[in-house]
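The structure appears below as structure tokens.
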Amino acid sequence: MKVIPIGIWGGYPKANGATSSFLIEHDGFHCLVDCGSGVLASLQNYVQLEDLDAVVISHYHADHIADIGSLQYSRLINYYLGKPAPALPIYAHDKDETNFANLSYKEQTIGVAVKETDIVQIGPFEVTFCETIHPVYCLAMKFTVDGRSVTLTADTEWNDRLVEFASGTGLLISEANLYEEHLGKSPGHMAGSEAGRLAKLSGANRLLLTHLPLHGDQKEILDAAKGVYEGDAELAVVGKVYEV
Ligand SMILES: [Zn+2]
């Protein structure tokens with residue numbers, strides 16, 4: 001499968017950028033993970049919006065859902081132009097009833113509820129979930145095809161359960177929103193050293209860091225991760241194709 005970072009920022013995007021989001025492809029099936037600020041603009045560089053087959057949302061913070069409304073408008077406008085498409089499924093938890101209800105829109109998109117215990121088949125992907133530690137309910141996710149997997153932590157502070165969840169994954173996409181000096185001072189997020197520790201303990205083949213802060217020198221976050229994890233680690237690069 002192929003993974004393409006669409007956005008890498010946490011909170012809000014840099015000029016012309018997007019918040020943390022990834023396109024995962026296999027056998028012509030295109031699945032978007034999270035759809036925050038700037039994502040819809042960036043996404044069109046890598047896939048036609050009408051060719052999107054599914055969306056999975058980790059949680060309902062604005063930097064993960066802000067562009068859902070625009071995505072829904074894109075489907076509706078195509079419908080008015082005489083190019084109707086099947087309703088786009090948007091998979092997410094339904095513990096927040098109002099936000100979950102907003103995923104369904106005029107038969108253009110439809111919210112599909114998932115639970116932590118579910119094993120969901122989304123196109124060619126078997127997708128599993130793990131609750132993270134974050135101020136709102138949030139699900140990490142693992143996409144598996146033919147025994148190969150990509151694991152995305154979504155937003156979380158350190159969580160021992162993620163070690164087993166990500167065990168042996170081909171590509172670990174970890175949030176790393178904090179500089180080391182902010183470790184323990186900002187609940188719900190990890191620093192680079194923790195992302196590196198997660199990659200090391202889970203035996204991940206490769207580590208990508210995302211949900212980065214706009215301030216400071218992000219290379220310090222990568223260096224902190226590399227101080228713990230000896231494998232291949234890098235800051236996620238928008239548009240780069242990562243083969244798993
Ligand atoms: Zn969040």
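Where a number appears in this text, it was derived from the coordinates with a stated rule and is not lab data. Not measured: the values here are computed from a predicted model. Using ideal geometry, Cβ is built from the backbone for each residue, glycine included, and neighbour counts are taken over all protein chains shown.
Annotations for the structure displayed:
- Simple spin-label estimate for residue 214 and residue 50 in nanometres, 7 Å along Cα-Cβ: 3.4 nm
- Amide H contacts of residue 94 (H built 1.01 Å from N, under 5 Å, at least 5 apart or other chain): 114
- The Cβ shell under 12 Å around residue 34 holds other residues with a net charge of -4, Lys and Arg each +1, Asp and Glu each -1.
- Counting neighbouring beta carbons within 10 Å and listing from fewest to most, the residues 201, 23 come out as 201, 23.
- Extending 7 Å from Cα along the Cβ direction at residue 146 and again at residue 234 yields two label points whose distance is 2.3 nm.
- Ranking of 94, 63 by neighbouring Cβ atoms within 10 Å, starting from the fewest: 94, 63.
- Only Lys, Arg (+1) and Asp, Glu (-1) charged, at Cβ; the range 158-244 dipole about Cα centre in debye: 140 debye
- Listed residues 26, 43, 74: farthest to the positive end of the dipole of the range 10-132 (Cβ charges): 74
- If you take all other residues with their beta carbon under 13 Å from the beta carbon of residue 8, and give Lys and Arg +1 and Asp and Glu -1, the sum is -2.
- For residue 191, the amide hydrogen comes within under 5 Å of the amide hydrogens of 178, counting only partners 5 or more places away or on other chains and with H modelled in the peptide plane.
- Here the extension length gained between residue 181 and residue 62 equals 40.3 nm, from 0.36 nm per residue of separation less the Cα-Cα distance.
- Here the chain is assigned +1 on the Cβ of each Lys and Arg and -1 on the Cβ of each Asp and Glu. Its dipole about the Cα centre then comes out at about 320 debye.
- Other residues within the sphere of radius under 12 Å centred on the Cβ of residue 112, judged by their own Cβ, net out at -1 (K and R +1, D and E -1).
- Amide H contacts under 5 Å for residue 149: 170, 171, restricted to partners 5 or more places along the chain or on a different chain, H placed in the peptide plane at 1.01 Å from N.
- Residue order, fewest to most beta carbons within 10 Å, for 144, 156, 117: 117, 144, 156
- Bridging of residue 240 to lysines at a Cα separation below 28 Å is possible for 2, 14, 142, 200, 219, 226, once same-chain residues fewer than 8 apart are set aside.
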